[in-house]
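Structure first, then comments.
The values are calculated or read from the model by the stated rules, or taken from the named source; none is laboratory data. From a predicted model like this one, the values you see are computed outputs, not experimental measurements. Glycine gets a Cβ as well: all are built from the backbone with ideal geometry, and neighbour counts include every protein chain shown. Side chains are part of the model used for accessible areas, which takes the heavy atoms of the whole protein and leaves out ligands, DNA and RNA. Shrake-Rupley method; radii C 1.70, N 1.55, O 1.52, S 1.80 Å.
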Amino acid sequence: MTAQLNPRGDVAVLVPAAGAGVRLGPGLPKALRLLAGEPLLVHAVRRLAAAPSVHTIVVAAPAAEVQAVREMLAPVASVIVVPGGAERQASVAAALAAVPTGPTIVLVHDAARALTPPELVESVAAAVRGGRDAVIPVLPVVDTIKEVGADEVVLGTVDRSALRAVQTPQGFRRAVLSAAHAAAGGSLTDDAGLVEKQGVAVSCVPGSEYALKITRPFDLALAEHLLATAG
Ligand SMILES: Nc1ccn([C@@H]2O[C@H](COP(=O)(O)OP(=O)(O)OP(=O)(O)O)[C@@H](O)[C@H]2O)c(=O)n1
Ligand SMILES: C[C@](O)(CO)[C@H](O)COP(=O)(O)O
């Protein structure tokens, strides 16, 4: 059944989904690869559409797949689909340009984080609504971190107590994200990094293990297992 987005919601979610998925290995663009029989993008959009604050979803699809993605998502939720760019930042900028008047909060969410729970979408949006300019979900770093030289010889052990692993959705006041993209030079894969460059404070909220980014084959196998075992 097609999910109805909330016409009174205040959140637009941008979904960059135009990446190739080189690290996953040869095959379809990553967002179109199957997880438990459905494309990663379908899993991601279904969960976004289940978040009560979401008013609009804009997907940046591989340029050659825009119509196919529209047809694929039509039974899932009413979404806007635009062609993505060569870099993630360009895909996000294209999606941002397609957000209609209305939403005051914009979230940016990787299609590759296909199992992200709607509750995380709500907690990031709530933190922005509560007055933060920019909010990212994070997890503590669990491994010992070493800095190494070019020859893979250890230079030292990094203090990880102040390190965090960053996930999506990343949330922004709409004007803050728009200004950061307008000013952006170069290409960053992380929108919070763009607003940091503008001197905007970025706040953290607890992330979710389920928001893992499906990057390598092991991640896809892990996601299959999580789906199969989640009650
Ligand atoms: N030109 C690009 C590159 C990436 N993305 C999206 O950005 C998200 C995070 O990127 P990542 O998971 O690193 O995907 P890829 O760039 O596809 O991965 P790889 O580097 O292995 O090719 C993904 O949902 C991906 O589809 C995008 O919309 N446009
Ligand atoms: C935005 C991001 O998901 C935060 O962890 C990440 O930066 C995306 O891409 P990357 O190419 O794997 O750095």
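Annotation note: Cβ proximity below 6 Å between a residue of segment 138-161 that is modelled with pLDDT of 95 or more and a residue that is in a helix (DSSP H, G or I) (sequence gap 6+ or interchain) occurs for Val141/Arg160; Ile145/Arg160. Residues in segment 29-56 that are of a type in the set (A, V, I, L, M) and over 14 Å from Ala114 (Cβ atoms): Ala51, Val54. Each residue in segment 181-231 was checked for being under 21 Å from Pro140 (Cα atoms) and open to solvent by less than 80 Å² (accessible area, probe 1.4 Å), and 20 pass. Consider Ala12 carefully, then state whether it is outside any loop (DSSP other than H, G, I, E, B), away from ligand 2 (no atom under 16 Å from the Cβ) and either among the hydrophobic types (A, V, I, L, M, F, W, C) or in contact with a Phe, Trp or Tyr (Cβ under 6 Å, 6 or more places away or on another chain) (or both). Taking the combined requirement at face value, the residue satisfies it. Of all residues in segment 177-231, those being part of a loop (DSSP other than H, G, I, E, B) and either on the phi > 0 side of the Ramachandran plot or over 19 Å from the mean Cα position of the chain (by Cα) (or both) number 8.
Being within 16 Å of ligand 1 (Cβ to nearest atom) and open to solvent by 60 Å² or more (accessible area, probe 1.4 Å) is the filter here, so list the residues in segment 48-69 that pass it. Those that are within 16 Å of ligand 1 (Cβ to nearest atom) and open to solvent by 60 Å² or more (accessible area, probe 1.4 Å): Ala63, Ala64.
Residues in segment 164-173 include none that are open to solvent by 70 Å² or more (accessible area, probe 1.4 Å) and more than 30 Å from Gly85 (Cβ to Cβ). For segment 71-85, the criterion of being closer than 18 Å to Asp110 by Cβ, out of contact with any Cys (no Cβ under 9 Å at 6 or more places or on another chain), within 16 Å of ligand 2 (Cβ to nearest atom) and of a type outside the set (Phe, Trp, Tyr) is met by at least one residue.
Filtering Thr116, Thr101, Thr56, Thr144 for residues that are among the polar types (S, T, N, Q) and under 15 Å from Leu5 (Cβ atoms) leaves a single hit, Thr56. For segment 183-201, the condition of being without any contact (Cβ under 8 Å) to a residue 12 or more places away in the chain and of a type in the set (S, T, N, Q) holds for none of the residues.
Among the residues of segment 141-176, the ones that are out of contact with any His (no Cβ under 6 Å at 6 or more places or on another chain) and either part of a strand (DSSP E or B) or closer than 28 Å to Pro100 by Cα (or both) come to 20 in all.
Total residues in segment 182-191 satisfying the condition of being within 14 Å of ligand 1 (Cβ to nearest atom) and within 19 Å of Pro103 (Cα to Cα): the figure is 1. In segment 25-140, counting only strands (runs of 3 or more DSSP E) that sit wholly within it, the ones holding 1 or more residues that are in contact with an Asp or Glu (Cβ under 8 Å, 6 or more places away or on another chain) span 54-61, 105-108, 134-140.
Considering Gly102, Gly85, the condition of being open to solvent by 20 Å² or more (accessible area, probe 1.4 Å) and either without any contact (Cβ under 8 Å) to a residue 60 or more places away in the chain or on the phi > 0 side of the Ramachandran plot (or both) is satisfied by Gly102 alone.
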